[in-house]
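Working notes for the structure below.
Here, each number is a calculation from the coordinates, and none is a lab measurement. Bear in mind that the values here come from a model prediction, so they are computed numbers and not experimental data. Cβ placement follows ideal geometry from the backbone for every residue including glycine, while neighbour counts extend to all protein chains displayed.
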Amino acid sequence: MLGANPYASNGSLATAPDWPGRIEAMRARGGRLVVVDPRRSRTAEEADEWIAIRPGTDPFLLAAMVRTLIDERLVDLGAVAPFVSGFDRLAPALVRYDADTAAGITGIDAETIRRLARELATSPTAAVYGRIGTTTAEFGTIASWLVDVLNIVTGNLDRPGGAMFATPATGGSNTRGAPRVGRGVKVGQRHSRVRGLAATFGEFPAVCLAEEIEAPGAEQIRALVTVAGNPVLSVPNGTRLDAALHQLDFMVSVDIYINETTRHADVILPAPSVLQKAHYDLALLQLAIRNVANWSEPLFALDDGQPDEWEILAKLALIAQGVGADSDPAIVDDLTINALVGSAVGDEHGVLFGRDAGEILAALAPRTGPARIIDFMLRSGPYGDRFGATPAGAGRCPDGTGLTLDALLGAPHGIDFGPLVTRMPDALRTPSGMIEIAPEPILADMTRMAAALSRARDGFTLVGRRDLRSNNSWMHNIEVLVKGKPRCVLHVHPQDAADLGLTDGHDATVTSRVGAVTIPVMTTDGIARSVVSIPHGWGHDLPGVQLGVAGRHAGVNSNILTDDLLIDELSGTAVLNGTPVTIAPA
Ligand SMILES: Nc1nc2c(c(=O)[nH]1)N[C@H]1C(S)=C(S)[C@@H](COP(=O)(O)OP(=O)(O)OC[C@H]3O[C@@H](n4cnc5c(=O)[nH]c(N)nc54)[C@H](O)[C@@H]3O)O[C@H]1N2
Ligand SMILES: Nc1nc2c(c(=O)[nH]1)N[C@H]1C(S)=C(S)[C@@H](COP(=O)(O)OP(=O)(O)OC[C@H]3O[C@@H](n4cnc5c(=O)[nH]c(N)nc54)[C@H](O)[C@@H]3O)O[C@H]1N2
Ligand SMILES: [Mo]
């Protein structure tokens, strides 16, 4: 496990209840956990081995591990071998990344790197998992790819005990359409106006938002809508973005707080409480480690005349289209479901191909809104009743029926569809229908990584961290979640603190290319030398913020230090870990 701390975060790209319990159970069964992290995180403390790595250098470690497996003839693609293409391009791409080179860059000795590779290859089963610490970094895409490569070359992709794909109940991009047919990932079809940054999956990098607001020109951003986001605290160079939001002609925020971001809004549309909304986890169940589905009903009714959050968003869409504020959100809702049903009955590879759209819409009535959409997705998904086409008794629900939203309503603890199952090769949606193990855009990006081989690596770098009683920027206004010792403190190794003249409990000033913050010091040997750590999501003392409790536990915004010019160029992802900083007593 690299750059992830599920004891605090409870996982992310691997979704499961009770991550700590699962790690403990795995170790009780004789499994081993190795954590690669510049900090001895809570997860590292519970692991069999903690390997401290220099921030931002994970791809060098991972590349050297793959190289070791190739050099020592330990590669075994296992059951997916017939579906892997491009393997012969892998070794040439990694030729510069042997364990000795990686040792100098990562700070991990070469023999440890080779041993890790061998242990991985000779384990009966194993999985490599990387997350925020490896992805929101300078070579985040390469690191993520090498995590996949390690799983593939050790035969662990798509096998129980290894890294597997879920079969989510609402259908995912790898259960729709035809097996082994896909368009691939398109990067750079559009470029941002000011800096020319590529759009990825249709999205522009968050780090170019400020300049798009600041720079005059025909396509200058003059208005902004934020929905459940607090970019002043979550995006690099928060000071610059904060000032840019102030220059907008118009801003709308759909949010529950007047916080660092929404205080700039001309209009705040208050979302109902989460306890007044139904919930189905569309995103994370795609990444679950077991195939499950559950629906949560609202605990409390909406207040009188209060619009549901989806109605607020639908109305905003209609206003943006010029239909006016008095228009009925049902217009958007009906358009959406009609489009979904229409495309499903027209999809020759889908389970509803050729069916009558009117009949399906009638079966979904009288539901509206997200409940109707989820019902449709469940019923047309892998376990669905297919609107009558799944024969009685042949469905995947415990009683033999096909899945519907009604079935989930009747099972308040959710429905378990069992452990993940082997999905190769049918889950593939690549243009070649193969596991493209050495994709051209990533190999091309390795020239950027090669240029970093000779870079000097002295000085301090800043990394982040999460903690259990916080969620990004917005759990700090609840007393029980912030009481106790302050958590927004600078973690420093005691030896570094002594060298820098820092004292526990006293303030230090941390400075980067873009900004400076003053923050109390906490020395700990649970962090590598030359690395310091500040959690993100704090800094609630800006004028105009109306958060009573959070204001008394303000902390500092670590994204005042992260640099909006540092990005993983291929994906456009911000570099949130590994920011060069200098530190001095305040
Ligand atoms: N309680 C709580 N739970 C959360 C959240 C929260 O804020 N609070 N946030 C949610 C969200 S949005 C997400 S995306 C997930 C994230 O879930 P995780 O990915 O588990 O996130 P973190 O806990 O931030 O763990 C990242 C780890 O990476 C380490 N790290 C930093 N730099 C490097 C590096 O260069 N290399 C390596 N190998 N490690 C590095 C950090 O020290 C840290 O321990 O958590 C989700 N869950
Ligand atoms: N330095 C550093 N920066 C980071 C990270 C890091 O690890 N280090 N992590 C990054 C990651 S992984 C993420 S996901 C981002 C998160 O970045 P953001 O999404 O910008 O931050 P959040 O704090 O999650 O913002 C949630 C907002 O939703 C509002 N809200 C809460 N409930 C509701 C609701 O029911 N409806 C509506 N409409 N609003 C609601 C809250 O008041 C808050 O304003 O931060 C990123 N930034
Ligand atoms: Mo996230």
Checklist line | Estimated FRET transfer efficiency (A586, E45; beta-carbon r; R0 25 Å; 0.05) | finding: 0.25
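Mind ordering 493-505, 526-538 by average Cβ neighbours within 10 Å, highest first?
Details: 493-505: 15.3, 526-538: 22.5.
In decreasing order of mean packing, 493-505, 526-538 become 526-538, 493-505.
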Next item on the list: Post the alpha-carbon centroid distance, the stretch 437-480 to the stretch 530-570, in whole angstrom.
Entry: 15 Å
Margin query: At 7 Å along Cα-to-Cβ for each site, give me the label-to-label distance between L443 and A392 in nm.
Written below: 5.8 nm
Check: Expressed in nm to one decimal, what extension gain is obtained for the pair M434 and R32 from 0.36 nm per residue of sequence separation less their Cα-Cα distance?
Finding: 141.6 nm
Check: Efficiency by 1/(1 + (r/R0)^6): what FRET value for E479 and H279, r their Cβ-Cβ distance, R0 = 22 Å, to the nearest 0.05?
Finding: 0.30
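For the stretch 458-585, give the share of DSSP beta bridges that are antiparallel, in percent and rounded to the nearest 5; count only bridges with both residues there.
Antiparallel: roughly 70 percent of the beta bridges in the stretch 458-585.
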Check: If Lys and Arg each add +1 and Asp and Glu each add -1, what is the summed charge of the other residues whose beta carbon sits under 14 Å from the beta carbon of H191?
Finding: -1
Notebook entry, point to check: To the nearest 0.05, how large is the calculated FRET efficiency for R96 and E359 if R₀ is 45 Å and r is the Cβ-Cβ distance?
Noted result: 0.15
Margin query: Could you order the peptides 569-575, 64-70 from most to least packed, using the average number of other C-beta atoms within 10 Å per residue?
Written below: 64-70, 569-575
Notebook entry, point to check: How much length, in nm to one decimal, is gained on full extension between E219 and D88, taken as 0.36 nm per residue of separation minus their Cα-Cα distance?
Noted result: 42.6 nm
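Could you calculate the contour length gain from D76 to V267, that is, 0.36 nm times the residue separation minus the distance between their Cα atoms, to one decimal place in nm?
Separation in residues times 0.36 nm, less the Cα-Cα distance, equals 63.0 nm.
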